[in-house]
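In what follows, a structure is listed as structure tokens, so that the remarks can point back to it.
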Amino acid sequence: MRDVPSQYVTYPPYLEAMEVREEIRHFRPGWLRAFPDPGKVDINLNFHKRLWHIAEHEQEIATAATRMLASLTEARRESVIDTQKRLRKLKQEGTERETTLALGPHVIELGRAASLDDPEAWWRRNALSNWYGAILEGDKGLTDWADYLGGYLDRRAIEIRDFASFWLEDARPEAMPRGFVHFAVVYSQLDHKVERGNLLDADHASASLDADVFVTEDKSLHSVLRTVKRLEARLPEPRLAVRAGASAVAAVETALGGLQVGGGT
């Protein structure tokens with residue numbers, strides 16, 4: 001099992017960052033460094049690939065690495081939970097639009113991204129907020145996103161209003177399916193109980209676009225994925241594994257019944 005994840009599963013924030021880099025290359029090439037510095041990217045990717053080996057053979061390093069990753073994930077998790085609770089409350093109160101977004105000292109008019117009932121508007125607003133935090137504000141909860149994209153960007157060339165315009169007007173969800181799926185999962189979770197595992201569910205969904213099927217025994221996540229697949233057809237088919245006293249292997253076998261493999265993993 002150690003060899004399979006190490007070979008095929010790439011860290012989701014890296015995959016999302018590379019989508020953003022290519023979209024920046026298309027719409028804002030002046031933001032890109034003439035001589036990028038991907039050194040930290042390579043270090044981080046190699047570290048994540050080695051995690052499985054480390055977990056088996058280097059217990060002290062594994063413990064320290066787990067604590068470090070947990071601290072980063074916890075900051076991201078708290079941010080997602082706070083956002084979900086706030087927007088869920090607004091929707092329950094009947095609020096249909098949120099017309100402005102505060103980014104540090106800046107107040108951005110959201111325009112067409114103001115709707116709280118439009119998944120694309122949600123993606124634009126939250127992608128703007130999160131990538132601003134990662135790239136321009138140094139949010140410690142978004143360090144991994146910053147590490148994977150920052151080495152390619154000349155931050156001095158990025159003006160905040162233009163950064164907002166890129167996300168609110170120019171960026172294309174179809175060109176960034178992993179990022180769109182990530183935030184579409186977070187959006188669809190608003191119809192369910194806000195839980196601490198929501199962030200990792202979004203990460204897993206983002207990484208799953210290379211697969212043919214997504215198997216989970218979490219009924220809430222399965223429902224969310226079915227909703228998201230209607231928004232992004234490239235998301236793999238979600239299947240619900242029901243253990244009901246059966247072994248995990250038997251539950252997965254049942255969930256995979258009738259699967260037609262289309263060339264993914």
Only residues that are of a type in the set (Gly, Ala, Ser) and either modelled with pLDDT of 90 or more or touching a Ser or Thr at 6+ places or on another chain (Cβ under 7 Å) (or both): list them for region 172-206, please. ALA175, GLY179, ALA184, SER188, ALA205, SER206
Suppose we filter GLY141, GLY150 for residues that are farther than 20 Å from PHE183 by Cα and of a type in the set (Gly, Ala, Ser); which single one remains? GLY150
Within region 211-254, count every residue that is assigned to a helix (DSSP H, G or I) and modelled with pLDDT of 90 or more. 11
When you scan region 140-163, do you find a residue that is surrounded by 18 or more Cβ atoms within 10 Å (Cβ to Cβ), of a type in the set (Val, Ile, Thr), over 23 Å from LYS229 (Cα atoms) and at pLDDT below 95, even just one? yes
For residues that are surrounded by 15 or more Cβ atoms within 10 Å (Cβ to Cβ), at pLDDT 85 or above and farther than 22 Å from GLY138 by Cα, tally how many sit in region 61-114. 4
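The values are calculated or read from the model by the stated rules, or taken from the named source; none is laboratory data. This structure is a prediction, so every number in the text was calculated from the model and none was measured. Ideal geometry is used to build each Cβ from the backbone, glycine not excepted, and the neighbour counts take in all protein chains shown.
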